[in-house]
Structures are given as C-alpha cells and as structure tokens.
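Novice: Below is the structure I would like to discuss, written out as structure tokens.
No lab work stands behind these numbers, since they all come straight from the coordinates. Source: prediction; values computed, not measured. Neighbour counts are summed over all protein chains in view; Cβ atoms, including those assigned to glycine, are modelled from backbone coordinates with ideal geometry.
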Amino acid sequence: MGHRFLPDLSADELAERQLAGLKWTVGHAFANCPAYERKFREMGLRPGDVKSLDDLARLPFTSVEDLREGYPLPLLSVPEEDVVRIHGSSGTTGKRKILAYTQKDIDTWKGMMARCYELAGCTRLDRVQICVGYGLWTAGAGFQLGCEHFGAMTLPVGPGMLDIQVQILADLGATTLCSTASMALLMAEEVEKRGLRGKVRLQRGIFGAEPHTPKMRERFEELLGLKDSFDIVGMTELYGPGTGLECAAHDGVHYWADLYILEILDPETLRPVAPGEIGEMVVTSLCKEAAPLIRYRTRDLTRLVEGDCACGLRLPRHDKILGRSDDMIIVRGVNVYPGQVAEVLGRFPELSSEYQIVLTRVEGKDYMAVNVERAEGRASGGDEALAKAVGQAMQKSLLVSAAVKVMDHGELPRTFAKSRRVLDERQ
Ligand code: DLL
C-alpha cells in the first residue's frame, strides 16, 4: 500500500527474516559476549543448534539481573570502538539500566520511529513537537531521530517548561505532539487554563511510556482538540520508544516482528500462554549489535491480538501494555495491580483520570488509601457519598478495603515524565 517505512511482508517472508535474524543474533552473542557464551555453554547449546524458529524455546532467558550484573555496559557484544552512544532507562523501578548502541543500532531505531510517524498518519509537512526528556533517557533522542529520518519538522522542546511549550505550540502551529501520557494531560490542562484551544492546530498525539486509562486519553484528546491519538510503546533495552504503535483502527499495537520476536509467556511456568491470554512480553532482537537480547523478560504484561487488522497492515499486534508484573502490590495478603484500581475509578464519571495509591503500615497492619479527584467543574457537595460508593466498588473488585479521599480537581500532582501512582510508605 505504498508505505515508505512500514514493511509489507507475507507470513513466510516474515518467518524467513526472523530465522535469519535469530541465527545471526545467537551466533553474534555466543562469539562476542562472555555472559551469553556462558549461558549457552551451561545449557550445552551451540549456535548451530538453532535450525528453526521453534528452537527459540530452547534458548536461555535474559533478565534484568543480567543487565545489573553487567552494569554499566551489560551484554556488550561489540568492541568499544564500535559503540557510538549509550542511553539509560528512566529508572522508575530500581537501578537505572544502561544500554549501548552501535551506529547500525541507531539506524535501525530511527527506522522504527519513522514507521511510527508513518503509521500515525504524519506527512513531511507535519510539525512535530517533542515534549519528552532528552539526554540519558531514550525518549527525546528516539522521537527526534525518527522525525528527521521521516522528514517532518521537529520542534524539540523537551519536557516541562510549559511557557515555552505553549508558545511553540501556538506560534509554530505544531500538528503532532509526542509525550508521555502524563505530559499530554499536563499540556492539555495548560492549554485549557490559558484559553488557547482556538490557537492550537494539533491533529494528533503520539503518547506512551506509561499506562494510561481511557478516561485520561479522552480528556487530553478533548482539551487539545486532537483528531486522533496513538499509544507508542518501547523500552531502553530494545532501542527505546517505537518498538510498536497503535494504528488508526485502535485495536492493538502493531509491532515490528521483522526486528524482534515477541513471545507472550506465563511468568510462572515460562511457557507460552494460550492464544489471546495475558502473559509476560519476552523479546529477542534480530539485528541488535551492541547489546543483543535473547529471550529478555521485560516484565510487561499484555496479550497477542489475533486476526487481521482493519487497517490492512500485515504486522502482528499486541494489546496495549496492561501493567508490569513488578507493579503488583500486596495489601494484607491480597495482590493488587494499580491498573485494577484505575479500572474501578474509570467507572465513575464524577472523578477525573488521576489517582494515587498510598500504602501505610500501622501496628503491623497494612492500610491502602486511594486519593482521587473530582472531575472538573463538579461541586464538592457529594464528596462523602462518592467516596463511599468508590470504596464499595473497590472492595468488590479488589477484595481489599481502601480509604477513598476525594480531592479538588487538579490537586493531585501532575508530571511531565511518568506518573508515580503508588506511594509505598510501609518500609
Ligand atoms: O519509556 C521508552 C519510551 C519513551 C516509550 C517514550 C514510549 C514513549 P524506559 O524508560 O526504559 O523506556 O521504560 C520502559 O515503560 O517496559 C513499560 O513498562 C513502560 N512503557 C513504555 N511505553 C508504554 C506504553 C521508555 N505505551 C517501560 N504503555 C516499559 C504502558 C509503557 N507502559
């Protein structure tokens, strides 16, 4: 269908590329990375043992612990003179991960990001405002690299700085906003506060880096006057943003199966889940040089979306990222995911999209408080009844009780990075 960057591969062509990439990756890792070589030898495996895609299941896993062990340049598989860049994760969970890139890795990544702009419907006449962190974090570099490669106009504002942000938005007539979901909300509320809606020419948002709720998305789409918005996924370990993007059909995230293999595994048994079931995303890179990934356990949870996509693209899809296995909190022995709390709150139109979970321990007993906000323009009169109703719904869904506090709209912290939804004060 005439895409410049998005590939159009038949199932056979894709499988052929995956097998060639898998063989290359395993050979490269075995020959050039002592940590991988050791793992292979321990399992009695040699690169020549990979003869078909089914052999992937025989390969050892790689985990965040492997990255920690190899810190600061984990899994390095090329001589240092071939490394042209490093990036680090945002470090929201534990120690920052540092990953190295060769020039080829950077080129692969810019192609991935160009695919995202193409899939989001951008043209070279679009003006793309990039409102994410530049520097160690992959976000700014990735959006910028891909935008230039794609050929649209980059407006590299970076995170925060709302004054400059809205000035560039209005004066340069940005058509595309790239940000975290939290920053999209922050920008939207700022545009609203300043009454700039009529001056904004935005058509679309490309937002990601953290889970979002439908309510949050509706809110920034509406306030920014977006015609559409697209969830972008990615992680430092696998280049950065742009490992996949939602298409206009909004039925899952297309991912680049010609550049990495995605397995969805049961985190306990490490076997594939049934088709369409939720499991952990495990990724194997197919052409990554500096730090190849073999069956890397991302801890992100999602499921595969079956069947053909209405958009016509022949690239497989996964659902949006539903959370991380390490997001789980245990309150009085009950497992709770923040996403479950968000889901309950989403049922109440009286509430905004924002929430914060606060965990405390008093005399050995756990307490969960959930702070929520009234939706904009709602009077505070019914707060008590609302808190009670939300608390009951939460108890029913999560099987644990929570003290719900309804706050003013805008009272909870807003951020331009990734929102912290859980404050665990139990230690
Ligand atoms: O967050 C890369 C990125 C930047 C993606 C900008 C999209 C936009 P890290 O800091 O390494 O990289 O964090 C990666 O963030 O494993 C997921 O848990 C989470 N994550 C990323 N995108 C999404 C998303 C960047 N669209 C970790 N929805 C991943 C939900 C996401 N979670």
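Novice: Taking only DSSP H segments of four or more residues, each worth -39500 (n - 2.57), what value at 222 nm results for the chain once the sum is divided by all its residues, to the nearest 500 deg cm²/dmol? Spell out each step's value before the answer.
Specialist: Numbers: 10 runs with 126 residues, N = 427.
About -9500 deg cm²/dmol.
Novice: Using a Förster distance of 51 angstrom, determine the FRET efficiency expected from the C-beta separation of residue 361 and residue 12, and round it to 0.05.
Specialist: Values: r = 57 Å, r/R0 = 1.11.
Working from the Cβ atoms, E equals 0.35.
Novice: Of the lysine pairs in region 28-120, how many meet both conditions: Cα atoms under 29 Å apart, and a spacing of 8 or more in sequence or different chains?
Specialist: Values: 39/51; 39/95; 39/97; 39/104; 51/104; 95/104; 95/110; 97/110.
Taking the Cα cut-off of 29 Å, the pair count is 8.
Novice: To continue, here is another question. Could you check the simple spin-label distance between residue 380 and residue 148, using points 7 Å along Cα→Cβ, in nm with one decimal?
Specialist: Taking the simple label geometry, residue 380 and residue 148 are separated by 5.0 nm.
Novice: Now, a different point. Quick one: how many lysine pairs in region 149-301 have C-alpha atoms under 26 angstrom apart, if they're 8 or more apart or on different chains? Please report the intermediate quantities before stating the final value.
Specialist: Numbers: 193/215; 193/227; 199/215; 199/227; 215/227.
Total qualifying Lys-Lys pairs in region 149-301 comes to 5.
Novice: Mind checking region 46-153 for chymotrypsin sites (Phe, Trp or Tyr not before Pro) that DSSP puts in a loop (not H, G, I, E or B) and that have at most 11 other Cβ atoms within 10 Å?
Specialist: Numbers: sites: 61, 101, 109, 117, 134, 137, 143, 150; in loops: 61, 134, 137.
Counting only loop positions with at most 11 other Cβ atoms within 10 Å, none of the chymotrypsin sites (Phe, Trp or Tyr not before Pro) in region 46-153 qualifies.
Novice: Okay, moving on. Out of residues 5 or more away from residue 84 or on other chains, whose amide H comes under 5 Å of its own, with H placed 1.01 Å from N in the peptide plane?
Specialist: Counting only residues 5 or more places away or on other chains, the set is 101, 102, 103.
Novice: Which one of 257, 284, 225 has its Cα pushed farthest toward the positive end of the charge dipole of region 218-358, where Lys and Arg give +1 and Asp and Glu give -1 at the Cβ?
Specialist: Comparing the listed Cα positions along the dipole, 284 ranks first.
Novice: I want to check the label-to-label distance for residue 63 and residue 389. Put each point 7 Å from Cα in the C-beta direction and report it in nm to one decimal.
Specialist: 4.5 nm
Novice: If you don't mind, another one. Starting from the exponent 0.38 and prefactor 2.2 Å, build the expected Rg for region 193-318 from its residue count and divide its actual Cα Rg by it.
Specialist: On the way: Rg = 16.7 Å, N = 126, 2.2 N^0.38 = 13.8 Å.
With N residues counted in region 193-318, Rg over 2.2 N^0.38 Å equals 1.21.
Novice: How large is log10 of I(q)/I(0) for region 1-325 at q = 0.08, 0.09, 0.11, 0.14 Å⁻¹ when the intensity is taken from the Debye formula with one equal scatterer per alpha-carbon?
Specialist: So the normalised log intensities are -0.36, -0.46, -0.69, -1.10.
Novice: To continue, here is another question. Name the most mobile residue of 278, 130, 261, meaning the one with the largest mean-square fluctuation, in a Gaussian network model of the chain with Cα contacts below 10 Å.
Specialist: Comparing 278, 130, 261 in the GNM, the peak value goes to 278.
Novice: Calculate one ³J(HN,Hα) per residue across region 297-302 by plugging θ = phi - 60° into the Karplus curve 6.51 cos²θ - 1.76 cosθ + 1.60, and present them in order as whole Hz with x for glycine and proline.
Specialist: 7, 7, 6, 7, 10, 6
Novice: Turning to a different aspect of this structure: Between region 277-307 and region 43-60, what is the C-alpha centre distance in whole Å?
Specialist: Result: 17 Å between the Cα centres.
Novice: Between residue 218 and residue 107, what is the spin-label point distance in nm, taking each point 7 Å from the Cα along the Cα→C-beta axis?
Specialist: 4.7 nm
Novice: Which parts of region 199-215 would a label at residue 170 reach, counting a residue when its backbone N lies under 13 Å from a point 7 Å out along Cα-to-Cβ?
Specialist: 199-201
Novice: Oh, and also: To the nearest 20 debye, what charge dipole does the chain have about its Cα centre, counting +1 at the Cβ of each Lys and Arg and -1 at the Cβ of each Asp and Glu?
Specialist: That gives the chain a dipole magnitude of about 440 debye.
Novice: Lysine pairs in region 331-424 8 or more apart or on different chains: how many have alpha carbons under 21 angstrom apart?
Specialist: Details: 365/396; 365/405; 388/396; 388/405; 396/405.
The number of close lysine pairs in region 331-424 is 5.
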